[in-house]
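Note sheet for the following structure.
Laboratory data are not the source of any read-out in this text; all were calculated from the coordinates shown. It should be emphasised that the depicted structure is a prediction, and the values quoted were computed from it without experimental measurement. Here the Cβ positions follow ideal geometry from the backbone for every residue, glycine too, while neighbour counts run over all protein chains shown.
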Amino acid sequence: MRDFGPYFLGDGLLRESKLSVGSDTITARADRLKVAIRFGGGNTKVAERSGVPFSTLSNYLAGRDMKADAMVTLARACGVSLSWLASGDGAMTNDPPELAMQKSDSVVLKFFHAEPSAGRGVTPDEWEGYDEYELPRHFLAGVFGTWKKDLFLVRVQGDSMQPSINPGDALLVDYTPDALAQAIYVMNFHGMFIVKRLAIKDRETFTVTSDNARYPSFDVPVEQVAWVRAGEARDLTIIGRVVARFQPNI
């Protein structure tokens, strides 16, 4: 897998991540800090672990120059090399050999041939066949901010999720069952595979929406929603949460 620009899903929105490694500039350092924070578990965890105020951390991420003591503290809190964070020199981590070997293990991702629709949906018999791509776990952590192995790739069709997701985009999907939150999911609705945004309307109802205003939303009772891995028959089954999208060249 190569030549793609990743986009990350956070706070219900998509944002582009521009990685600049090896350039000793304030902007490049801020980019490395973004990668380090994802590696360290996210803004909140790193702020708590380091003692750096959240507002100060936000300023560093926005490109404000870091003080030397803050750089040391943040490198330690994120678990990355100080020299890498400061100037881009060397490896991102200083892990012992056995841990470095574990983190460099590859993950084989299935890229399914089916194209779940940001539109009307596709049928189960179209969800067949896949190619496999091997990615280093270290790459997944550095670019997508996750060590998880429960991931797959799928290309989307339709325009109902524009501008967040465009036809032909590939989606990185986490299929680990978890508490449902407001996010974009790949779902099975009455036998049709769709890509939509799931929102909590109230304690008894989920709302399934499209980002494209031309497509109507619809409600589903909470008791009729379940993860597909639970093996329970429901009107709406959750296949996985979309964690990133990109335009692949594969």
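Residue count for segment 38-60 under the criterion of being within 24 Å of the chain's Cα centre (by Cα), hydrophobic (A, V, I, L, M, F, W, C) and over 16 Å from Ile26 (Cβ atoms): the result is 4.
Does Thr207 satisfy the criteria of being under 30 Å from Val107 (Cβ atoms) and not in a loop (DSSP other than H, G, I, E, B)? Spelling it out, it is not the case that Thr207 is under 30 Å from Val107 (Cβ atoms) and not in a loop (DSSP other than H, G, I, E, B). When each of Arg214, Arg203 is tested for being surrounded by fewer than 18 Cβ atoms within 10 Å (Cβ to Cβ), closer than 21 Å to Ile165 by Cβ and not aromatic (Phe, Trp, Tyr), the lone residue that passes is Arg214. Scoring His190 on the criteria (1) surrounded by fewer than 22 Cβ atoms within 10 Å (Cβ to Cβ); (2) closer than 24 Å to Leu109 by Cβ; (3) out of contact with any Lys or Arg (no Cβ under 7 Å at 6 or more places or on another chain) leaves a single failure, condition (2). One residue stands out in segment 61-84 among those that are part of a helix (DSSP H, G or I) and under 22 Å from the mean Cα position of the chain (by Cα): the one that is nearest to Arg32 (Cα to Cα), namely Leu61.
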